[in-house]
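Data first, discussion second: the structure below is written as structure tokens.
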Amino acid sequence: MHTIRSKYTGWLVHATTWAVVFGMPLFVTSPDRPLMSGTEYLRFLLVPLSFMVVFYTNYFRLIERHLFKRRIGRFLLGNLLLIAAVIVVLHLLFRYLLPPGPHAPADRPWQDTVRFFAGNAILYLLVVGASVAIRMTGGWYRAEAARQQLEHSRTEAELQHLKSQLNPHFLFNTLNNIYSLIQIDTSRAQQAVHDLSRLLRYVLYDSSQAMVPLCDEIAFLRDYIELMRIRLPRHVRVEVSLPECPSQSPVAPLLFTSLVENAFKHGVSNEKPSYIVIRIDETSEGELRCKITNSYFPKSDSDRSGSGIGLQNLTKRLRMLYPGRYTFTCGLKSETDYEACLNIRLRES
């Protein structure tokens, strides 16, 4: 629809421009310069009509067949022949079919012919230049629009691919937690399954949107953290600080899930004291800040549950969704402490 509208707008500009050119004699009259007679206007009309021949021959044929294919020599030769033919035809029409009126200056064939050809050749070269400029500019805009559409489609496809990786990864880890709980507390396991169904509804339906309200994402994250607490030993300290009344600002879904999951995966030891601190806040300037610190207990090579795919996906999604509007760092603060910080500017400046 946008392409069709742009096409019609372009042709409307063409038609308006030529209408102004053809109507110029109607706007340049004065007491000492009366309106043109029919013959005089017809002589005038032949000039812009010849411009149209040169302009649109280039616009529809010569530029596409030669200039776009870098056949510069053929393009120049074609224009020289075209301009010469148009000038010859126009000269013959002016001389024999529509000769000047009785008040015209005395006829000087050679001088008048040379002046006619030289003066008009420059005008036609300018017409060729205008045709090339307009066609090349239009082609560039169309190519740029097609490139942007292709880039948008590619980005959307890649984001959907990343989400398809994230959802099973999320489900796999949560089911592992519930499986562990079944052996300890059946009633809590049943409640956890109920909570999981609510989370999956969000993951499968709400998170399919490009953006979700921040308040929904925080509510999901709160429930998700509670599910992750299920199989934690008593000696693990967990501190969570989330916005009490988050706004409706749009945010990409499931951005923080990988960071929280990573903290629970690598920050907990079954034997040693462990801690996880999760702090997310929203500033009045529209910035979302997330800081997660945890004790660090690296997994062994045989533990394939920690594949690292979550942080890789997060980095890719941030790069595509918030270019120039985020900072993300993660790594060891010390030999025993790990920290991840993610700041996102929700509103473009």
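Express in nm, to one decimal, how much length is gained between residue 312 and residue 235 on full extension, taking 0.36 nm for each residue of separation and deducting their alpha carbon distance.
Details: separation 77, 0.36 × 77 = 27.72 nm, distance 3.03 nm.
Contour length minus the Cα-Cα distance gives 24.7 nm.
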For a protection proxy built on the mean count of beta-carbon atoms within 10 angstrom, sort 124-133, 88-97 highest first, please. 124-133, 88-97
For the pair residue 180 and residue 247, what calculated FRET efficiency results from E = 1/(1 + (r/R0)^6), where r is the Cβ-Cβ distance and R0 = 35 Å, to the nearest 0.05? 0.45
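Counting Lys and Arg as +1 and Asp and Glu as -1, what is the net charge of the other residues whose Cβ lies under 9 Å from the Cβ of residue 195? Mind dumping the intermediate values first?
On the way: positive: 198; negative: 223, 226.
Local net charge: -1.
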By the mean-Cβ-within-10 Å protection proxy, highest first, 183-196, 247-260, 313-326, 219-232 rank as 247-260, 219-232, 313-326, 183-196
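About the Cα centre of the stretch 171-320, how large is the charge dipole given +1 on each Lys and Arg Cβ and -1 on each Asp and Glu Cβ? Please answer in debye to the nearest 20.
480 debye
Where a number appears in this text, it was derived from the coordinates with a stated rule and is not lab data. All values reported here derive from a predicted model rather than from experimental measurement. With ideal geometry, Cβ positions are generated from the backbone for all residues, glycine too; neighbour counts draw on all protein chains shown.
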